[in-house]
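Colleague: Submitted below is the structure of interest, expressed as structure tokens.
The values are calculated or read from the model by the stated rules, or taken from the named source; none is laboratory data. The structure presented is a predicted model; accordingly, all values stated were derived computationally and were not measured. Reconstructed Cβ throughout: ideal geometry from the backbone, glycine too, with neighbour counts over all protein chains shown.
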Amino acid sequence: MATTPRRRYLVTGGAGFIGSHLCEALLSSGGSATVVDDLSTGRESNLDAARSAHGDCLTFVQATVTDALAGLPAGGFDGIFHLAAAVGVRLVVEDPARAAETNIFETSAVLSYAARSRTPTLLASSSEVYGKGIRAPFREEDDLVFGPPTVSRWSYGLSKAIDEQLALAHAQRDALPVVVARFFNTVGPRQRGRYGMVLPRFVTAALAGEPLEIHGNGRQVRCFCDVRDVAAALPRLLGDAACHGRVFNVGGDRPVTIEDLAGAVLRVTGSRSPLNRIPHSQVFGESFEDLAIRVPDISRIRAAIGFDPSITLDRTIADIAAECARRPEAIA
């Protein structure tokens, strides 16, 4: 009996936090993955689990997206997941030019490559495209409202908004099957704290008995979603033709304040670390602006693919803590 050939996927940024979990999901479902990552923020060790289980189905290319695409034949993949990007508030604030250039130029290269063969493509975007937001919860068709370009904090959201426009323009002009996924505070194992991600910072501090550093007053409201729930949803979005040409919020919809998040970390880890509130201006500069609330409306993705995140925040915290205890460098 003939076997069904493996579906071939290109995953840019595949050695990163979300990308590595996506690769595991793709390989576990019988696919193969070519990972392109320049390791500027990702780590090849993030692919160890995928390699261990499906090593012959994973190819790793260390290069920028633009350089790698020059050596890949058009039409060589059944689907593309473009996750490569500059990530993290700290990285964006410290080098906004790099963040904007990476996000826009690399995305343009991927979309042009995909359009030549009309390869279905999922573009990873961000809740940052909502800017200051006009209401909560955020809906995919809301207007986007940003602060002035003199505030570097908005460069990431602006560049991702341009990415989305490019993707949808290719869909219209070239009939490119494209899906835009706007991530909201994805968390879980392998996420690193050094770029400003709040949960791995809290867990690392709690396990070390050090103060949990809360930026701002701690009353900011966010919704967190485990990366394993997110990774499982992405192939379903790309594989459903009814989702092509559309934008989806991808995240949890259970609000929690940053102060309560810190409390959950202390409870789950059994830590007695104190909380230390630091003004945003001391961390990111005087011009930094933060949002009081960032909550997604996920009714569209729920209706489209039945998206229903199942991994609790407590489990996520426990799994991050276990990884940190086992491999302290994993989330540093």
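Colleague: Residue 256 is checked against (1) closer than 27 Å to residue 131 by Cα; (2) in a helix (DSSP H, G or I) and fails just one. What number does that condition carry?
Modeller: (2)
Colleague: Does region 144-153 include one or more residues that are buried (at least 17 other Cβ atoms within 10 Å of the Cβ), in contact with a Ser or Thr (Cβ under 6 Å, 6 or more places away or on another chain) and either at pLDDT below 90 or over 27 Å from residue 194 (Cβ atoms) (or both)?
Modeller: no
Colleague: Would you check which residues across region 25-61 are among the charged types (D, E, K, R), in contact (Cβ under 8 Å) with a residue 24 or more places away in the chain and either surrounded by fewer than 19 Cβ atoms within 10 Å (Cβ to Cβ) or not in a strand (DSSP E or B) (or both) and list them?
Modeller: Residues satisfying the conditions are 38, 43, 44.
Colleague: Ok, one more. Hey, among 92, 129, which residue is closer than 23 Å to residue 245 by Cβ, crowded, with 22+ Cβ neighbours inside 10 Å, within 19 Å of the chain's Cα centre (by Cα) and aliphatic (A, V, I, L, M)?
Modeller: Just one listed residue meets the conditions, 129.
Colleague: Next up: Quick one: would you say residue 130 is in contact (Cβ under 8 Å) with a residue 12 or more places away in the chain and either of a type in the set (D, E, K, R) or touching a Gly at 6+ places or on another chain (Cβ under 8 Å) (or both)?
Modeller: yes
Colleague: Now a separate question. Among the residues of region 29-56, write down those that are touching a Leu at 6+ places or on another chain (Cβ under 6 Å), of a type outside the set (Lys, Arg) and modelled with pLDDT under 95.
Modeller: Matches in region 29-56: 50, 54.
Colleague: Taking region 201-214, which residues are in contact (Cβ under 8 Å) with a residue 60 or more places away in the chain and crowded, with 21+ Cβ neighbours inside 10 Å?
Modeller: Correct list: 202, 203, 204, 205, 206, 212, 214.
Colleague: Touching a Leu at 6+ places or on another chain (Cβ under 8 Å), under 20 Å from residue 87 (Cα atoms) and assigned to a strand (DSSP E or B) - does that describe any residue in region 191-208?
Modeller: Checked against the condition, which is being touching a Leu at 6+ places or on another chain (Cβ under 8 Å), under 20 Å from residue 87 (Cα atoms) and assigned to a strand (DSSP E or B), region 191-208 yields no hits at all.
Colleague: Then there's this: Working carefully through the options 61, 92, 65, find the one that is touching a Phe, Trp or Tyr at 6+ places or on another chain (Cβ under 6 Å) and β-branched (Val, Ile, Thr).
Modeller: 92
Colleague: Now for a different question. List, please: which pairs have Cβ atoms under 9 Å, are six or more places apart or on different chains, and start with a residue in region 298-322 that is at positive phi and end with one that is assigned to a helix (DSSP H, G or I)?
Modeller: 306/236
Colleague: Kindly indicate whether residue 39 is on the phi > 0 side of the Ramachandran plot and of a type outside the set (Phe, Trp, Tyr).
Modeller: yes
Colleague: Still on this model: Can you name every one of the helices (runs of 4 or more DSSP H) wholly within region 273-332 that holds 1 or more residues which are at pLDDT 95 or above?
Modeller: In region 273-332, the matching helices (runs of 4 or more DSSP H) lie at 299-305, 313-326.
Colleague: Further question on the same structure: Suppose the filter is in a loop (DSSP other than H, G, I, E, B), closer than 18 Å to residue 298 by Cβ and touching a residue at least 60 places away in the same chain (Cβ under 8 Å); does residue 136 pass it?
Modeller: Considered against the rule, which asks whether it is in a loop (DSSP other than H, G, I, E, B), closer than 18 Å to residue 298 by Cβ and touching a residue at least 60 places away in the same chain (Cβ under 8 Å), residue 136 comes out as yes.
Colleague: Let me spell it out: the conditions are (1) within 27 Å of residue 283 (Cβ to Cβ); (2) surrounded by 14 or more Cβ atoms within 10 Å (Cβ to Cβ), and residue 20 meets all of them except one. Which number is the exception?
Modeller: Every condition holds for residue 20 apart from (1).
Colleague: Please tell me if residue 321 is out of contact with any Pro (no Cβ under 7 Å at 6 or more places or on another chain) and buried (at least 16 other Cβ atoms within 10 Å of the Cβ).
Modeller: Spelling it out, residue 321 is indeed out of contact with any Pro (no Cβ under 7 Å at 6 or more places or on another chain) and buried (at least 16 other Cβ atoms within 10 Å of the Cβ).
Colleague: Taking the residues in region 159-188 that are assigned to a loop (DSSP other than H, G, I, E, B) and surrounded by 23 or more Cβ atoms within 10 Å (Cβ to Cβ) as candidates, determine which candidate is nearest to the chain's Cα centre (by Cα).
Modeller: In this case the residue turns out to be 184.
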